Each structure stands twice: as structure tokens, then as C-alpha cells.
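S.K.: So that we are looking at the same thing, I have put the structure below in C-alpha cells.
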Amino acid sequence: MSGGRILNVDRLTMRFGGIVAVQDLSFSAEQRKVTALIGPNGAGKTTVFNCITGFYKPTGGAIRLTHDDGRTIALERLNDFRIARQAKVARTFQNIRLFPGMTALENLMVAQHNTLMRASGFTFLGLIGAPTYRSAEKSAIDLATAWLKRVGLLDRADDAAGNLAYGDQRRLEIARAMCTEPALLCLDEPAAGLNARESAALSELLLSIRDEHGTSILLIEHDMSVVMEISDHIVVMDHGVKIAEGTPREVRDDPRVIAAYLGADEEEAMAVMESGS
Amino acid sequence: MDYFAQQLINGLVLGSIYGLIAIGYTMVYGIVGMINFAHGDIFMIGGFIALITFLILVSLGLTAVPVILLVVLLVAMAITALYGWTVERIAYRPLRHSFRLAPMLSAIGMSFVLMNYSQVAQGARVKPIPPLITGGHTLHESADGFVVQLSNVQILVVVTTIVLLSIFTWLVSHTRLGRDMRACEQDQTMAALLGVDVDRTISMTFVIGAALAAVAGLMYLLYYGLVDFFMGFVAGIKAFTAAVLGGIGSLPGAMLGGLAIGLIETFWSAYFSVEYKDVAAFSILIVVLIFMPTGLLGRPEVEKV
Amino acid sequence: MTALPSETMQTSRAAGIPFILKKAFLSALVALVLFSLMIGIRTEAGSDGQLTYWTRFGDLASIVGIVFGGSIVIELLRQWLGPTGAEKLVPPAVQRGLSRAGRLLAPALLIFALLVPVIFYNQRYILDLAILVLTYVMLGWGLNVVVGLAGLLDLGYVAFYAVGAYSYALLATNFGWSFWICLPLAGILAAFWGVMLGFPVLRLRGDYLAIVTLAFGEIIRLVIINWQDLTGGPNGVSGIPRPTLFGIPLDNSDDGLAAKLGIEFSATHRIIFLFYLILALALLTNWVTIRLRRLPIGRAWEALREDEVACRALGINTTTTKLTAFATGAMFGGFAGAFFATRQGFISPESFTFQESALVLAIVVLGGMGSQLGVALAALAMIGGFELFRGLETYRMLVFGMAMVLIMIWRPRGLIGHRAPTVYLTKAQAISSDLVKEGHG
């Protein structure tokens, strides 16, 4: 089942003025696997994410996305919204970005914008109430309902997203990203601010997304219990460069990783070491 | 060449007046983050107060021009500053933490109030005054008889602008008030925690902005020799355009934008058509913003993702 | 210096008469300085161009007195009502009742609107006023697409109104084209200009967008004033044909509607026809907007208002989404403009000033951004209120400006501040305005 690489990042460099945020970073993510990007604060992880999802134009390097059918897309050449639409890369944000004044269901409907837009004949068919659009809208609601059920928010479907509890908002954001039916799901600290029980539920959800939907996952996370539990492959960054990569076990025992964390933040270093013991 | 030089002088003088008004827009925007739509009308009020003070002084038998100018300047600045303070107090302060469009609508309302207040109080007709400062200097005379003139009023406008800008720059960079203002610009909550009186600082911003607008009002009165209740609208839009062109929130940008608008307007009138000078100014604003979305000197907005 | 603030704090808590008097005295003092020259002295240019002045100290004294008294009354009211005075003025029960009645209010208003020509058949003044209100309702609904739904601040909406009006006026007077051909053309041309404006502003945000739209409105107006060969300049375009009922004119000629129906001609017929015409146009705007909100494009507009970055992450082309919002809003403005031209029979640049843009924006914001019913109520209140002061010509704008300030302080989120969801599974619940974003554009 598991095939080749879905994402190949080659010598990615991102400079802001004189500051080098990411330097010659190369790594790849396998299809239907969870790849984690970890590192101390300020290591450049979110910058990598923003380059992959098109919010930043990389200063140098290549980002290649390969689909199941062998189609390869150069992400660094696409605009942000085309990356989501054509390359099928979805993402969540470190500080949740839902549409707070819209209901949970509406949030998931917006995620299916491009499908619905085509079905509505770019609005004209929809305006006259064409049956093709009505059936498309119904299946969109069904998909949204299925995801709401999946993340345990079905009873909150008609509540404003901004009214949901923090953990619920995190899960809704993942459901919204999944409604775009992505090939690669990029999650920026999905466990931030969650309690232990919620983190465990999140791990379960992510594993089921990988196994049942065959979606590849790229993950930035500080919660080592989540990272170590669900990652198939871990890439460690520090100061914009890759310092190690491998399986959770390999990374955990790598002295360079421990040194990087010790140098940066004692608490996080402890977390890495504890999860190893 | 001489014609060009003359237009350059005229453009710089007009630009100075726009710049003085633009500073008020940019300061308020920097600190409160709102467009003070009523600022153009504060400028108009400043012009009226200068005119009335001037009339009173002349009727009291004062003839020494420097004394008249100084008194008019001080009275206009003081009373107009109080207008700025009152407007902030009544129309903006209750809406400080409200949603963004509310203070803007309130400001548009306040602009209507001030405009029609002076129409009701002083009548709709244009109010002219005899030229107070006459004479000038011939800078150059070309063979075909074209004379490049620098009038004393023009010198006064430019010199006053430079002096006030120097004082103002010193105020912002060297005094406690300036430091408080910059702190509020960065982060109001943090500034308040560190003991900055945010309310007072914002009030002072409006007071200083209005005082500079009053100076611009006086300069306008001296340069054009008239005021009317509607002049604040057009000048206000131009000055706001100048502030945005220079990069709103940036003080040097406001002055630069003011000069740019003044020069564009003057040169367009001189070489193309007077009728379309405002169209030219607005079009150039749009073109500049297409290529530099935060204006000439504005800090580029880094998108936080 | 340090003792002073704590003292005032204590007195304010004690809420004693000395505090109130002190405050009123200070207010009166401020008023005295503010009004001393502007009201105390009246200037006027004499016939010889010389400026003269006379004093009006009586007026000054009475205004200062009013401020003193008013300050006392306001302070007493504030203490009587407590710190949340504004909330108490409209009790929550009334607010809830209002939102509940909202569902009945809309059909009731619609039925009333349909019956206006029957009830007020012989009252020309009321019919004219009703047509004016409906024109602003339509403009408000049109701008609501841009400001209320897409969250893009447009301060130059009047430009599209002008484009629509001049399109019809010029096509009809130069080529003799009928209103019914020109109406869609006016909408298309306005939408085209909406896209033209949209292109440069796409990258701009917030107040940069505001000034560019304002500048655009001014450019259109100035071009109309100065392009005299085409537009007639400040003199405007006159002799614009009146609309016909699909070719049948509404006049007292032999071909006229009255003659054909065999009834006696009355000028009121045309007014009533115009009334139903604008009512139909406004209802069309409303219907299309409500439909669009439930289509992906409308949801994308609202999502854009809520969070543009998230929209892009979901694969939404924000550029075309913004352009469609501008074009749709502009198109409705163009329709309204064409109607305005045919109703007036004469148009000039004076009808398309920034004040009009401000008025329409005020209607949208006062109505509660995004709420169709709110916009209709706000247009009724604003235009109706404006008419009440018609007698006091010079004070009208003064009162209007004050009302704008007070309304914003009273209800910054507008009359109807909640948002209705566009799709639901079990139950449509109104969403509080505190959650709804206002856009950054």
C-alpha cells in the first residue's frame, strides 16, 4: 500500500532581509505516513510550512509534490490558493484560523468552495436553483456532516465556530482541512493548548486519517508524546537547518537533538529525554 | 526652465500646507488606527478662527504685522487644539474599543457637524481678507521677460512649516510625551501597564494634530486670502491622500506625501489642465499604491500566518 | 498633582452635587472657548468686498448656558441609569423582542410597501418620499454586498450610482434607447467599473482600500464635471426620457396608457409606476443577495470577511472573490442610478458627492452589517429622519452629522447585530455580532 514520496523538499532556503530563517533544508515525506517536523522555538518550522503552503515564496530551493498518479507539481511556483486547489495540500494554523462568525457546518461548506463553485455553474446555475447544484450541495452537507461526526462535533454543527471550546476549534480546523480532500495535510502544532485526554484523542484522529483516508500528514508539534506516538519519520531542525532525521527511536537517542533542545529550552529537552525512557 | 522653477516654488508651498494637515491624519492613524475624517474640517475651523482673530486685532488698531501674525497664530492654535480635543472626547473616545467601522462613521458624522456648524455660524459665503504680507523677491528674469517670483508669503509658509516640523520632530523624539506616543503606537495595553496614561496621550495627539492643522489653516488664509466652510473637505481629502501616499503612520512620509501631492497638482495644472489636477493627484495615488501597497515610506506589512 | 485624581475619583463615586456642578462648569468653560469666536463674532463680506463683523454675545451666552444645563442633565441621567446607561435605554427584553418580531417585521414591511400607493394615493409628497427611501434601500442593499458580506470598505460607492445614471441618461438622450434596454446596460457598465476599481485595490487592505475607493469616487465625479462634451459638465443632462410601460408612455397623449385603458389621465399614475418599479428593483436586489449568500460565492464573501488567510489555505481565489463582490455591489448601484435618472429626468454631478457615499455607508453600518432587514429599517429611519428636518434647511446636515455620531455611540454594531447562518443541520441559530468579524479590507 505505502508507496513513494509525496513531498520532496530540496535545498529550501528562506531569507527575510538579512535574516536566514531556513538554510538549505532537504527532507522528504512518504505517502500515507506521518512525518513530523520538530525543533526548538525559532528553528524555522512554521517558515517551512509557509513555504510549502505558498504563503511565502522561498528564496531558493525546490518543493516537489508527487500525487498517486505520478503527477509532480512544483509547489514553489504556485500561488497559495492554487496549492490548496490543484496540489491538494491543506493546512491548519498555529493560532487557529476558523471563520468565527460562521457556524461549524458553514466552515466545512466553505472548505468545499471549489467543488461547489463548479457545481453551481460559477453561481449562474445556482442562482436559478438548478437541480445539479442542489444535489451537489446535498453531498457537500453530507461530507461535512460525516466529518463533524468524526471529530465529535455533530451536536455543535449549528453553533458559531467562535463559540466552540478551544479543543473543539482545533478539531474543527482539522475537519475543515480534510473537507478539501487533501493529499497532504499540514498541521501546525495541532496539540498546542490541549489537555492530556484531548491530545490522546487527537493522536487517534490523526492515525485514523492516515490509515483510513490514506492522507499523508506533515506535522509540526511540540507535544512529544503526540510526536513520538504517531510519527513514522521525524525531521529535527535547529536554527534553520536540519540537524537530524529518522524514526522516533533514532531521533530520541541522537545526541545532537538532545543538545539542541538543551541549548534552547530545558523543559523541552526533558520532554524529549523522558519520552525516550 | 524659469517656468518650471516658478511651478516648483508654488508646488512646494502648496505641499507644505498639505503636509501640515497630513501630519494630523498620520499621527492619529499611528496611535488610534482610525481615519480621522473630521481633520480636514478642523483645518477649516483653524482658518476661520485665524480670520476672526485677525479682524478683531485690526479693528483694535494693531498695525505691526509680526505682532498680528504671532497673536493670530497662537490664538488659532490654542482654540483649534481645543476643537481637536473635544472631537476626540465626544465622538471617538466612547468608541475606542468598538469595532473598526464605528469610529470611522462617527468621524464622518463629526465632519458633517463641523462643516455645517461653521456654515450656520459664519454663513456660506466666501470670506476674503486683504493681503497682509505683500512683496517678494525676483529670483531670476529670463530674456523673454518671464520672472521667477518668490513672494514673502511663500517664504513665510515654508519657513513656518520647517520651524514647526523641527519643533514637532524634537517633541516626538526627545520628550516624555513623544515617548508615550510612540509607546501607545506599538502597544496600548503594554504602554498602560508601564504607566503611560493612554487617554491623555491620545488626547494630546489630537491636540497637536489640530494645532498643526490650525497653522495650515492660517497659512492657507495668508496664501489664498480667503476661507469658506467647504474648504476643509477638499483639502482634507488631499491631505489624507498625501498621508496615505507617504505611508500612513509615518511622519516623514506625511510631509513627503504632502509635497508630492502639492507638486503633482501644481505641475499638472501648469503643463496639462487645471480641471484635471485633482484627478491626476488621485490617479497617482492609486498607481503608487498598486506598486507600493503601504505607500512610499510605510512599513511593509508582513503577513502573520 | 498625585492627590488630585484620587480626589475626583472619590467625588465621582460619591456622585455629589459639587462634582456634577464642577463637571458642568468645565464643560461650559470649554464651550465658551470653542464658541467664543465662531459664534460670538459673525463675519460677513460686504458689498465692496471688505470684511465686516458684529458681535453675538447673546447667542454665545445662551449656547454656553445650554451646554451647562445639558451637562448637568446628562450627568444626572448617567448616575440614575448607572454605568450601562446605553444598554438600559433599550432593555434586553425589547432587543430580544425586536429580533423575534424581526421574522414578522419583514413580511409586514413588504405588505405595507406594496400598499403604500393605495393608502397614500393622493399624497404626492409621501409617494415621492417613499420612492426616495426605496432608492436608498436598494443602494444600501447593493453596498451591503461589498461592505457587509465581503467586509471590503467602499467609500466611493456613489461612483457606480453615477455610472448607472449617466449611462442611461446619455444612451437615452443621444441614441433614444429605451429604459428597458438601458437598465441592464447601466448595471453591466457599473459592474465593469467595479471590476476596474477592484483590480488595483485587490492587494490593498483596510484604510488604504478606503482611500482608494474614496479617490475613485472623486475621480468619477471630477471627470463628469470636466468632460463637458459628453456629460454636459456641471449643467448636467436634462430631458432624460421617462420610463414607459414596455413601450406605452405614461402621459396624456393619445398613445398614453391612460388613453389606451380609457381612464382619465393623472400625473399620479407615473409616480405610482415609478414606485412599483423601484420596489421591484429593490426586491430583486434583495432576492439575489439572499440567494447569493446561500451559494458558494456568498459563503466565500463572508469567509473572506472572517479570515482571508484561511480562505487562501482552503483554495479560494480571493482575487476573483473580491472582484465579484465589487462587481455585484456596483451592478446594483448601476441599476439604482438608471432608475434615479429616469425618475428625475435631469441629473448633474451635484447628486453624486461624497456625502451620498457616506449616507449609504451609514445606512449599511446602522442597519447592522450584512443584515438585509436592518439596512431597510436604517434607510427608512435615515431618509425619513432627514425629511423631518427639511424645514430647517441649514441645520439639516448638522443634525444628520450629530445623529450619525450618537447612533454609532449608541449601537456601534447597528440595529440588527446578529448574523443568520446560510445553512443548518437541525436549527438555524442567530450568531451574535461579537463573533462576526468586520473584515480588514
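The values are calculated or read from the model by the stated rules, or taken from the named source; none is laboratory data. Being a predicted model, the structure only gives us computed values, none of them experimental. Every residue, glycine among them, receives a Cβ derived from its backbone with ideal geometry; neighbour counts consider all protein chains shown. Side chains are part of the model used for accessible areas, which takes the heavy atoms of the whole protein and leaves out ligands, DNA and RNA. Shrake-Rupley method; radii C 1.70, N 1.55, O 1.52, S 1.80 Å.
S.K.: Going through the stretch C:112-138 one residue at a time, which ones are within 12 Å of C:LEU283 (Cα to Cα) and either without any contact (Cβ under 8 Å) to a residue 12 or more places away in the chain or surrounded by 21 or more Cβ atoms within 10 Å (Cβ to Cβ) (or both)?
M.R.: Across the stretch C:112-138, the qualifying residues are C:LEU134, C:THR135, C:VAL137, C:MET138.
S.K.: Scan the stretch B:6-35 for residues that are in contact with a Pro (Cβ under 9 Å, 6 or more places away or on another chain) and surrounded by 24 or more Cβ atoms within 10 Å (Cβ to Cβ) and jot them down.
M.R.: B:ILE35, the sole residue that qualifies.
S.K.: Continuing with the same structure: Out of the residues in the stretch C:421-438 meeting the condition of being open to solvent by less than 60 Å² (accessible area, probe 1.4 Å) and touching a residue at least 60 places away in the same chain (Cβ under 8 Å), tell me which one is nearest to the other protein chains (Cβ to nearest Cβ).
M.R.: The qualifying residue nearest to the other protein chains (Cβ to nearest Cβ) is C:VAL436.
S.K.: Tally up the residues in the stretch C:72-91 that are open to solvent by 80 Å² or more (accessible area, probe 1.4 Å) and at pLDDT below 65, please.
M.R.: Of the residues in that region, 4 qualify.
S.K.: Please determine whether any residue of the stretch C:396-410 is buried (at least 21 other Cβ atoms within 10 Å of the Cβ) and more than 12 Å from chain B (Cβ to nearest Cβ).
M.R.: Within the stretch C:396-410 (the criterion being buried (at least 21 other Cβ atoms within 10 Å of the Cβ) and more than 12 Å from chain B (Cβ to nearest Cβ)), the answer is no, since none of the residues qualifies.
S.K.: Say whether the condition of being open to solvent by 10 Å² or more (accessible area, probe 1.4 Å), within 13 Å of chain C (Cβ to nearest Cβ), in a helix (DSSP H, G or I) and hydrophobic (A, V, I, L, M, F, W, C) is met by at least one residue in the stretch B:265-275.
M.R.: Among the residues of the stretch B:265-275, at least one is open to solvent by 10 Å² or more (accessible area, probe 1.4 Å), within 13 Å of chain C (Cβ to nearest Cβ), in a helix (DSSP H, G or I) and hydrophobic (A, V, I, L, M, F, W, C), which makes the answer yes.
S.K.: Has the stretch C:314-327 got at least one residue that is at positive phi, within 10 Å of chain A (Cβ to nearest Cβ) and either open to solvent by less than 20 Å² (accessible area, probe 1.4 Å) or among the charged types (D, E, K, R) (or both)?
M.R.: yes
S.K.: Going by the conditions given, is C:VAL405 under 17 Å from the mean Cα position of the chain (by Cα), at pLDDT 80 or above and of a type in the set (A, V, I, L, M)?
M.R.: Answer is yes for this residue.
S.K.: Here is a follow-up. As an exercise: evaluate C:LEU257 against (1) touching a Leu at 6+ places or on another chain (Cβ under 7 Å); (2) in contact (Cβ under 8 Å) with a residue 24 or more places away in the chain and give the number of the one condition it does not meet.
M.R.: If we test C:LEU257 against (1) touching a Leu at 6+ places or on another chain (Cβ under 7 Å); (2) in contact (Cβ under 8 Å) with a residue 24 or more places away in the chain, just (2) comes out false.
S.K.: Now, a different point. Among the residues of the stretch C:14-66, which ones are over 24 Å from B:ALA50 (Cβ atoms) and either open to solvent by less than 30 Å² (accessible area, probe 1.4 Å) or within 11 Å of chain B (Cβ to nearest Cβ) (or both)?
M.R.: C:GLY16, C:ILE20, C:ALA24, C:SER27, C:ALA28
S.K.: For the stretch B:60-73, check the following and say yes or no: at least one residue is assigned to a helix (DSSP H, G or I), within 7 Å of chain C (Cβ to nearest Cβ), more than 15 Å from B:SER203 (Cβ to Cβ) and within 17 Å of the chain's Cα centre (by Cα).
M.R.: no
S.K.: Also, quick follow-up: Pull up the stretch C:287-307, narrow it to residues that are at the interface with another protein chain (Cβ under 8 Å from one of its Cβ atoms) and part of a loop (DSSP other than H, G, I, E, B), then point me to the one that is farthest from C:THR319 (Cα to Cα).
M.R.: Looking at the filtered set, the residue picked out is C:LEU295.
S.K.: If a residue must be surrounded by fewer than 15 Cβ atoms within 10 Å (Cβ to Cβ) and within 14 Å of B:GLY33 (Cβ to Cβ), how many such residues does the stretch B:175-195 contain?
M.R.: 3
S.K.: Could you look through the stretch C:377-395, keep only residues that are within 14 Å of chain B (Cβ to nearest Cβ) and among the aliphatic types (A, V, I, L, M), and pick out the one that is least open to solvent (accessible area, probe 1.4 Å)?
M.R.: The qualifying residue least open to solvent (accessible area, probe 1.4 Å) is C:ALA378.
S.K.: Considering only residues of the stretch A:104-123 that are open to solvent by 10 Å² or more (accessible area, probe 1.4 Å) and aliphatic (A, V, I, L, M), which is nearest to the other protein chains (Cβ to nearest Cβ)?
M.R.: Looking at residues that are open to solvent by 10 Å² or more (accessible area, probe 1.4 Å) and aliphatic (A, V, I, L, M), I get A:MET117.
S.K.: Residues that are free of Cβ contacts under 8 Å to residues at least 60 places away in the same chain, under 30 Å from B:ILE52 (Cα atoms) and of a type outside the set (Val, Ile, Thr): does the stretch B:280-300 have at least one?
M.R.: No; the residues of the stretch B:280-300 include none that is free of Cβ contacts under 8 Å to residues at least 60 places away in the same chain, under 30 Å from B:ILE52 (Cα atoms) and of a type outside the set (Val, Ile, Thr).
S.K.: Could you look through the stretch A:216-244, keep only residues that are touching a Ser or Thr at 6+ places or on another chain (Cβ under 9 Å) and of a type in the set (Asp, Glu), and pick out the one that is farthest from A:GLU198 (Cα to Cα)?
M.R.: Only one residue tops the list, namely A:ASP232.
S.K.: If you go through the stretch C:286-293 one residue at a time, do you hit one that is at pLDDT 90 or above, in contact with a Gly (Cβ under 6 Å, 6 or more places away or on another chain), open to solvent by less than 60 Å² (accessible area, probe 1.4 Å) and assigned by TED's automatic domain parsing to the domain that holds C:LEU132?
M.R.: Yes, because at least one residue in the stretch C:286-293 is at pLDDT 90 or above, in contact with a Gly (Cβ under 6 Å, 6 or more places away or on another chain), open to solvent by less than 60 Å² (accessible area, probe 1.4 Å) and assigned by TED's automatic domain parsing to the domain that holds C:LEU132.
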